[in-house]
Amino acid sequence: MTQTQAETYQQPDAFGHFGRFGGQYVPETLMPALHELIEVYHNLDESFWREYRSYLKDYVGRPTPLYEAKRWSREAGGARIFLKREDLNHTGAHKINNTVGQILLARRMGKTRIIAETGAGQHGVATATVCALFDMPCVVYMGAEDVERQSLNVYRMKLLGAEVRPVTSGSQTLKDATNEAIRDWVTNVADSFYIIGSVVGPHPYPAMVRDFQKVIGEECLQQLDERDLKADAVVACVGGGSNAMGIFYPFIDKDTRLIGVEAAGRGVESDEHAASISKGKPGVLHGAMSMLLQDPNGQVALAHSISAGLDYPGIGPEHAHLNDTGRSAFVAVTDEQALEGVVRVSRLEGIIPALESAHAVAYVDQLARTMRPDQVILLNMSGRGDKDMNTYEKHIKPGA
Amino acid sequence: MKKLLVPYLTAGFPQREWFEPIVRAMDEGGADYIEIGVPFSDPIADGPTIQNASQKALDNGTTPRWILDEIKRFRGDLNAELIFFSYFNPILALDGLEGAAKHLKDAGFHGVLVPDLSLEQAEHFAGAMAAEGVHYIPLIAPTTTEERLKKIAPVTTSFAYGVSVTGVTGARKGVAQGLDEYLARVRNLLQRPFVVGFGISTPEDARAIARQADGVVVGSALIRLMEQAEDLDDCVKRVKTFISELRQAIDE
Ligand SMILES: Cc1ncc(COP(=O)(O)O)c(C=O)c1O
């Protein structure tokens, strides 16, 4: 990207459009609430951001380290690989950066009840956590299938005092949990605040969640600077796209490749994947226009990924836009490759990644080989693998 | 002015073969407009009854194009006007918005209603539809401010649809609180007729609403009738009787 392009990157527009994507496709009932949210969000004063930063520091444990994965870099035999350790955040993933921001906002708006959707359960746990912290009732919608495959996180949410409502409609995963959360929101919009877990949904959510996550990339810039380094490539897994947007955003005006890794499930040529950019078409789901997996009749297709956090047929509109303009690129990694990624960083670095993050790991393992030893890859280690132990036990043989 | 009766059905539910007979029963029962529900996989504005009907209709192989073909085939001798009711994405998939507008016009639809299309997002959509003579039917909710009503009024070319409650579709007992004030506000600012729906399940509800609005929409209560029907004949009979009862109630 040239310097002039970089300087003019200012997205979204006043209506929440990122190029041809984004916008506000929601029932009229919600529109006044969205306008109120935009109003409040755009007029936040310095005291809000001070409070937000102080919770990130003392409660979440930021800044998270930037760690050079030396053994892995050596093994891969190419570029230097640096891990942004979002897995070391309180609750084990990047998700809490966003929930801290949104709950502080909900409090400022005088809302008394919190709703959230969750896939892997990480966003649900991060929401339940801040609800406990601020003494707010919390209802988390979760697909019945995910309730089963992420049972540990269900228990964590309950222990934190949240109510978990299993959703049995449709595919019983994140998409359907989001539908149900929106229905709750439409019904209880007067007193409830919907804490969306990724850079998706109607404007202003995609921009707002990005802003609450961009601390990841901002810290990286500083941490690289302290080492006198520049990133040649930034790589992150993409479900809805919040950890990716959070680390990409501060690099948009830099001379750095931005690469999002989607879930290829059983392969992008099969029907069982979650590669919305690679295989989707423009469409509207959950309040925004973006790239969407769908059939020729505009019915939303079922996504598949071994990782519940990537098992979503859509993607945040800003990613679709960055892909449109060529500023970022997207690749896809299969279930099997992700599992190999888990073993690789576990054995080489003593870091067990979340299944979602393992998708980025698998791609970086290939990418590093194609690059020179004086080049730097920045990988967003979005979460830790504790929540995935059941899956790992099932698929990865010890000693393998 | 005569009150408007606007029944809703999910096309293809409970069976595709029942589509035409149910529409005819509604027409003969005295409907003014019939909302043809075109099922979508992710109906965020619908409660369990219509969600379930939509899923069944999709499982039956119902597609927007099949519905358009059917309507084109049997629309000719119906008295009622037809409204295409669906979410934004299946409409977009009908060859883009301009393409969709042509399809709707060819099939003979009077208007189109899209619960997840906000006014902010509707300009291009409404323009494309208007170019083919298809009316964009805007939605109004209890949360809609006066300021928004003033923007909705000028884009209402046929009638507007007032949602009775902050919530999703579904039959409820009785009529929502605070409705009088809300409907009076709509009445004051809208030059065109407006009908009210969401949760109207009995002739009594319909009668009460019709006193303050230009008409009523009945959806989930009809879907429930269809669920309970023993066979097609029974379904047609029940639907026709219920529509006539609603007709009577609002005409009083
Ligand atoms: C650890 C981790 N990484 C990534 C994701 C995917 O979400 P996003 O693309 O919004 O970062 C999740 C979602 O649950 C997650 O738990």
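The values are calculated or read from the model by the stated rules, or taken from the named source; none is laboratory data. Only a predicted model underlies this, so the values are computations on that prediction, with no experimental measurement involved. All Cβ positions, even for glycine, are placed from backbone atoms using ideal geometry, and neighbour counts span all protein chains on display.
Some notes on this structure:
- The number of residues in the stretch A:171-202 being touching a residue at least 40 places away in the same chain (Cβ under 8 Å), within 14 Å of A:Gly119 (Cα to Cα) and either surrounded by fewer than 23 Cβ atoms within 10 Å (Cβ to Cβ) or within 14 Å of chain B (Cβ to nearest Cβ) (or both) comes to 11.
- Candidates B:Gly61, B:Gly37, B:Gly30: the one that is modelled with pLDDT of 95 or more, on the phi > 0 side of the Ramachandran plot and either within 18 Å of the chain's Cα centre (by Cα) or more than 11 Å from chain A (Cβ to nearest Cβ) (or both) is B:Gly30.
- A:Arg80 more than 12 Å from the ligand (Cβ to nearest atom) and surrounded by 21 or more Cβ atoms within 10 Å (Cβ to Cβ): yes
- Residue match in the stretch A:151-173 (condition: closer than 24 Å to A:Gly385 by Cβ, out of contact with any Lys or Arg (no Cβ under 7 Å at 6 or more places or on another chain), basic (Lys, Arg) and at pLDDT below 95): no
- Residues of the stretch B:130-170 satisfying the condition of being in contact (Cβ under 8 Å) with a residue 24 or more places away in the chain and part of a helix (DSSP H, G or I): B:Ala130, B:Ala131, B:Glu146, B:Arg148, B:Leu149, B:Lys150, B:Lys151, B:Ile152, B:Ala153, B:Val155
- Within the stretch A:220-239, the set of residues being over 20 Å from A:Glu356 (Cβ atoms) and within 16 Å of the ligand (Cβ to nearest atom) is empty.
- The stretch A:345-369: number of residues that are closer than 16 Å to A:Ser382 by Cα and not small (Gly, Ala, Ser): 11
- Condition check for B:Ala213: crowded, with 18+ Cβ neighbours inside 10 Å, touching a residue at least 24 places away in the same chain (Cβ under 8 Å), assigned to a loop (DSSP other than H, G, I, E, B) and in contact with a Leu (Cβ under 8 Å, 6 or more places away or on another chain): yes
- Residue ID - farthest from the other protein chains (Cβ to nearest Cβ), chosen from residues in the stretch A:19-31 that are touching a residue at least 24 places away in the same chain (Cβ under 8 Å) and within 27 Å of A:Asp191 (Cα to Cα): A:Gly22
- Residues (within 13 Å of the chain's Cα centre (by Cα) and within 11 Å of chain A (Cβ to nearest Cβ)) located in the stretch B:148-164: B:Ala160, B:Tyr161, B:Gly162, B:Val163
- The stretch A:115-152: number of residues that are within 13 Å of the ligand (Cβ to nearest atom) and in a loop (DSSP other than H, G, I, E, B): 4
- Test: residue in the stretch A:336-346 that is more than 11 Å from the ligand (Cβ to nearest atom), within 14 Å of another protein chain (Cβ to nearest Cβ), touching a residue at least 40 places away in the same chain (Cβ under 8 Å) and surrounded by 24 or more Cβ atoms within 10 Å (Cβ to Cβ): no
- The listed residue being touching a Ser or Thr at 6+ places or on another chain (Cβ under 9 Å), within 13 Å of the ligand (Cβ to nearest atom) and more than 14 Å from chain B (Cβ to nearest Cβ), out of A:Ala303, A:Ala308, A:Ala332: A:Ala308
- Where A:Glu393 falls short, out of the listed (1) touching a helix residue (DSSP H, G or I) at 6+ places or on another chain (Cβ under 9 Å); (2) away from the ligand (no atom under 12 Å from the Cβ); (3) part of a helix (DSSP H, G or I); (4) not hydroxyl-bearing (Ser, Thr, Tyr): (1)
- Considered as a group, the residues in the stretch B:79-129 that are facing chain A (nearest Cβ under 8 Å), free of Cβ contacts under 8 Å to residues at least 40 places away in the same chain and not in a helix (DSSP H, G or I) include one that is nearest to the chain's Cα centre (by Cα), and that residue is B:Leu117.
- Among (1) within 14 Å of the ligand (Cβ to nearest atom); (2) of a type in the set (A, V, I, L, M, F, W, C); (3) more than 22 Å from A:Gly241 (Cα to Cα) - the single one A:Ala368 does not satisfy: (1)
- Exactly one residue out of B:Ala160, B:Ala210 is farther than 23 Å from A:Asn188 by Cα and in contact with a helix residue (DSSP H, G or I) (Cβ under 6 Å, 6 or more places away or on another chain): that is B:Ala210.
- Among the residues of the stretch A:240-264, those identified as over 14 Å from A:Ala329 (Cα atoms), near the ligand (Cβ under 7 Å from one of its atoms) and in a helix (DSSP H, G or I) are A:Ser242, A:Asn243.
- Taking the criterion of being on the phi > 0 side of the Ramachandran plot and surrounded by 20 or more Cβ atoms within 10 Å (Cβ to Cβ), the residues of the stretch A:284-331 that qualify are A:His286, A:Gly287, A:Gly298.
- Where helices (runs of 4 or more DSSP H) sit wholly within the stretch A:1-95, those with at least 1 residues that are in contact with a His (Cβ under 9 Å, 6 or more places away or on another chain) occupy A:31-42.
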